[in-house]
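K.L.:
A single structure is presented below for examination.
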Amino acid sequence: MTDPFERATPAPRWLEDLTKITAELAAEVGALRFAPPVTHVYNPLEYARGPYQQYLARFGHPPKEAVFLGMNPGPFGMAQTGVPFGDVSAVSGWMGIRGEVGRPAIEHPKRPVLGFECTRSEVSGSRLWGWARSRFGSAEAFFGRFFVANYCPLIFLEESGRNRTPDRLKRAEREALFDSCDRALAETLAVLGAPLVIGIGRFAEERARRALAGTDVRIGRILHPSPANPVANARWSIQVEEELSALGLVLPATPPRSRSG
């Protein structure tokens, strides 16, 4: 008979550490203030913490062979699901993650947070996770070797609803933000034990080099899957596999397509 007073199995130490890093980063960057042209700031690590915690618990177990690092959330990806590059169909379907998503304190009328009810596709996430699925099959197989994180957890919106990327913030704003993000990245890599960080795009690569300077972690880069990049639109998965091969990563043979496609 089960003892009703028996304590629940404690979380593994690595999950406690990643959870603590996440909470501290969310609080630090959430306290920052940004001037126009930024009018709205979303912090998915606060209002979508439940799904992100599922992501950590299911797929954050160390050690990792490499960590893929993105810039910051997209309005139809992590802003909706709490998961980096979090296209709704990939997160809920392939990863099997769903959960309650709240709302930003001040929401832009052109960029509502609908959570898992969002019907817009996040193109960069669709490409990234679509490639991972086609090459590795299951999410467990991919995350058994790798992890995907964002350098900055905030999304910045202008009055028009347009994204403003972290590199385009005012200098003083960037310095305060990057200080917290650098520290969180270094702490995360220490937990995951990954010897390689792969920046998804130039910005992420450059920030990883600064944050991890003086460590033994290697830094590489792959092409960003953004639809704003003509090369990515033409041959993203082909070029990325060439770049990963040049970094010394051996990818599995493409798994057979299921009957459902």
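The values are calculated or read from the model by the stated rules, or taken from the named source; none is laboratory data. Everything numeric in this text was worked out from a predicted model, so none of it was measured. Heads up, the Cβs are rebuilt from the backbone with ideal geometry, glycines too, and the neighbour counts pull from every protein chain shown.
K.L.:
Would you mind finding the one in 231, 197 that is touching a Leu at 6+ places or on another chain (Cβ under 6 Å) and of a type in the set (Val, Ile, Thr)?
P.N.:
Matching residue, one of 231, 197: 197.
K.L.:
Then there is this: Out of the residues in segment 236-261 meeting the condition of being surrounded by 10 or more Cβ atoms within 10 Å (Cβ to Cβ) and in a loop (DSSP other than H, G, I, E, B), tell me which one is modelled with the lowest pLDDT.
P.N.:
Across segment 236-261, the extreme among qualifying residues is 255.
K.L.:
Exactly one condition in (1) within 23 Å of residue 206 (Cα to Cα); (2) surrounded by fewer than 23 Cβ atoms within 10 Å (Cβ to Cβ); (3) within 13 Å of the chain's Cα centre (by Cα) is not met by residue 59; state its number.
P.N.:
Only one criterion in (1) within 23 Å of residue 206 (Cα to Cα); (2) surrounded by fewer than 23 Cβ atoms within 10 Å (Cβ to Cβ); (3) within 13 Å of the chain's Cα centre (by Cα) is unmet by residue 59, namely (1).
K.L.:
Six or more apart or on different chains, Cβ under 6 Å: which pairs go from a residue in segment 166-180 that's farther than 15 Å from residue 204 by Cβ to one that's among the acidic types (Asp, Glu)? Could you list them?
P.N.:
Note: pairs meeting the criteria are 180/28.
K.L.:
Another question, if that's okay. I'd like to know if segment 215-235 contains one or more residues that are touching a helix residue (DSSP H, G or I) at 6+ places or on another chain (Cβ under 9 Å), closer than 28 Å to residue 15 by Cα and part of a loop (DSSP other than H, G, I, E, B).
P.N.:
For segment 215-235, residues touching a helix residue (DSSP H, G or I) at 6+ places or on another chain (Cβ under 9 Å), closer than 28 Å to residue 15 by Cα and part of a loop (DSSP other than H, G, I, E, B): present.
K.L.:
Give just the number: which of (1) under 28 Å from residue 190 (Cβ atoms); (2) touching a residue at least 12 places away in the same chain (Cβ under 8 Å); (3) among the hydrophobic types (A, V, I, L, M, F, W, C) does residue 88 not satisfy?
P.N.:
Result: residue 88 passes all but (1).
Okay, residues lined up against (1) among the basic types (Lys, Arg); (2) crowded, with 22+ Cβ neighbours inside 10 Å; (3) under 26 Å from residue 37 (Cα atoms):
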| site | (1), (2), (3) |
| --- | --- |
| 157 | no, yes, yes |
| 163 | no, no, yes |
| 173 | no, no, yes |
| 176 | no, no, yes |
| 179 | no, no, yes |
| 182 | no, no, yes |
| 189 | no, yes, no |
| 193 | no, no, no |
| 197 | no, yes, no |
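K.L.:
Restricting segment 178-214 to residues that are in a loop (DSSP other than H, G, I, E, B) and among the aliphatic types (A, V, I, L, M), which is farthest from residue 17 (Cα to Cα)?
P.N.:
Across segment 178-214, the extreme among qualifying residues is 213.
K.L.:
For segment 66-85, which residues satisfy the criterion of being in a loop (DSSP other than H, G, I, E, B) and either among the aliphatic types (A, V, I, L, M) or without any contact (Cβ under 8 Å) to a residue 12 or more places away in the chain (or both)?
P.N.:
71, 83
K.L.:
Another one. Of the residues 45, 32, which single one is in contact with a Pro (Cβ under 8 Å, 6 or more places away or on another chain), modelled with pLDDT of 95 or more and of a type outside the set (Phe, Trp, Tyr)?
P.N.:
Only one candidate qualifies: 45.
K.L.:
Now for a separate question. Checking residue 232 against (1) surrounded by fewer than 20 Cβ atoms within 10 Å (Cβ to Cβ); (2) over 18 Å from the mean Cα position of the chain (by Cα), which single condition isn't satisfied?
P.N.:
The number of the failed condition is (1).
K.L.:
State whether the residues of segment 122-137 include one that is basic (Lys, Arg), farther than 25 Å from residue 210 by Cα, surrounded by 20 or more Cβ atoms within 10 Å (Cβ to Cβ) and touching a Ser or Thr at 6+ places or on another chain (Cβ under 9 Å).
P.N.:
yes
K.L.:
Can you go through 63, 104, 51 and tell me which one is closer than 28 Å to residue 179 by Cβ, in contact (Cβ under 8 Å) with a residue 12 or more places away in the chain and either among the charged types (D, E, K, R) or not in a loop (DSSP other than H, G, I, E, B) (or both)?
P.N.:
It is 51.
K.L.:
I need the full set of residues from segment 88-97 which are part of a loop (DSSP other than H, G, I, E, B) and closer than 15 Å to residue 68 by Cβ, in order please.
P.N.:
Scanning segment 88-97 gives a single hit, 95.
K.L.:
Identify all residues within segment 5-56 that are surrounded by fewer than 17 Cβ atoms within 10 Å (Cβ to Cβ), touching a strand residue (DSSP E or B) at 6+ places or on another chain (Cβ under 9 Å) and of a type in the set (A, V, I, L, M); write none if there are none.
P.N.:
Result: 32, single match.
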